[in-house]
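Each remark here refers to the structure printed beneath this line.
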Amino acid sequence: MMRVGVLASGGGSNFQALVEALNAERSAAQVVVLVCNVPGAKAIERAKAAGVAVEVIEHGRFGKDRAAFDAALVEALKQHRVELVCLAGFMRLVGQTLLSAFPQRVLNIHPALLPAFPGMHAQQQAVSYGVKVSGVTVHLVDEGTDTGPVVAQTAVPVLDDDDEQALASRILVEEHRIYPEVVKLFAAGKVKVEGRTVRISR
Ligand code: GAR
């Protein structure tokens, strides 16, 4: 069983989707801890309701010392013997301290088809640009912003009357589907990373 740690800052709907899809008996992967940097985030409530351990690590405590924040994240994850880290609406950049502790085992989900619309407000960026298709990307995290090797993508249509909220909701439905699927592939040892190319054997 692969032990999964989820890092979230906000609503935690992806956290919830991962828990619901994975925390069944005899599942090959299981969410064992939520690490949250925002006290009072809804994700924390969800974890408590689901009986998943919670670690709250406020980034503000570390000032500008990002390595120290990362080290605290690593310590919490290691305490729970996490093997795969899933960023799910985690609104902080992670650096080498965390990445080298989990080589090629840190995933992120982004609400656009990367490399289009990286960074914040990806859904608003898509609406403002006027693209007809956007979507979801699950990728390995590297030191850039949304630049790591792509593991999986799903397209989502952008409708003429979409605003940020309407598009975000349509994209979230796909996020909740694709993220657990990718985690299961990792747990099954079906993901091979060769440079920027991620191969999935099915
Ligand atoms: C999701 O749409 C996720 O893709 C996005 O934040 C939302 C979190 O929702 N992440 C980013 O924009 C990262 N740059 P959730 O807290 O309900 O899972």
Just going by the charge dipole of region 126-202, with Lys and Arg at +1 and Asp and Glu at -1 on Cβ, which of V183, S128, I171 is farthest out on the positive end?
V183
Taking only C-alpha pairs under 8 Å that are 6+ residues apart, what is the relative contact order of region 1-116 in percent?
31
Is there a quick way to get the dipole size of region 54-99? I mean about its Cα centre, with the Cβ of Lys and Arg at +1 and of Asp and Glu at -1; what is the value in debye to the nearest 20?
80
Accessible area of the chain divided out per residue, in Å², using a probe of 1.4 angstrom:
49
For the chain, what is the calculated [θ] at 222 nm in deg cm²/dmol (nearest 500), taking -39500 (n - 2.57) for each run of four or more DSSP H residues and dividing by its residue count?
-11000 deg cm²/dmol
For the chain, the percent of accessible surface on carbon and sulfur atoms (probe 1.4 angstrom, ligands and nucleic acids excluded) is 51
In the full protein assembly as shown, how much of L113 is accessible to a 1.4 Å probe, in Å² to the nearest 10?
50
Mean separation of Cα contacts under 8 Å (at least 6 apart) over the residue count of region 108-149, i.e. the relative contact order in percent, is 48
Note on the chain, DSSP bridge orientation, antiparallel percent to nearest 5 equals 45
Could you give me the ³J(HN,Hα) list for region 35-40, computed from phi with Karplus coefficients 6.51, -1.76, 1.60 and θ = phi - 60°, whole Hz, x at Gly and Pro?
10, 10, 9, 10, x, x
Let me check against my output: what whole-number percent is the relative contact order of the chain, with C-alpha pairs under 8 Å and at least 6 apart?
19
Which values, in whole Å and largest first, are the semi-axes of the equivalent ellipsoid of the chain obtained as the square root of 5 times each eigenvalue of the Cα gyration tensor?
25, 20, 18
If the cut-off is 21 Å between C-alpha atoms, which lysines fall inside it for K78, apart from same-chain ones fewer than 8 positions away?
K48, K184
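The values are calculated or read from the model by the stated rules, or taken from the named source; none is laboratory data. Quantities reported herein were computed from a predicted structural model and do not represent experimental measurements. Ideal geometry is used to build each Cβ from the backbone, glycine not excepted, and the neighbour counts take in all protein chains shown. Ligands, DNA and RNA are stripped out before the accessible areas are found, and what is left, the full protein with its side chains, is counted by its heavy atoms. Shrake-Rupley method; radii C 1.70, N 1.55, O 1.52, S 1.80 Å.
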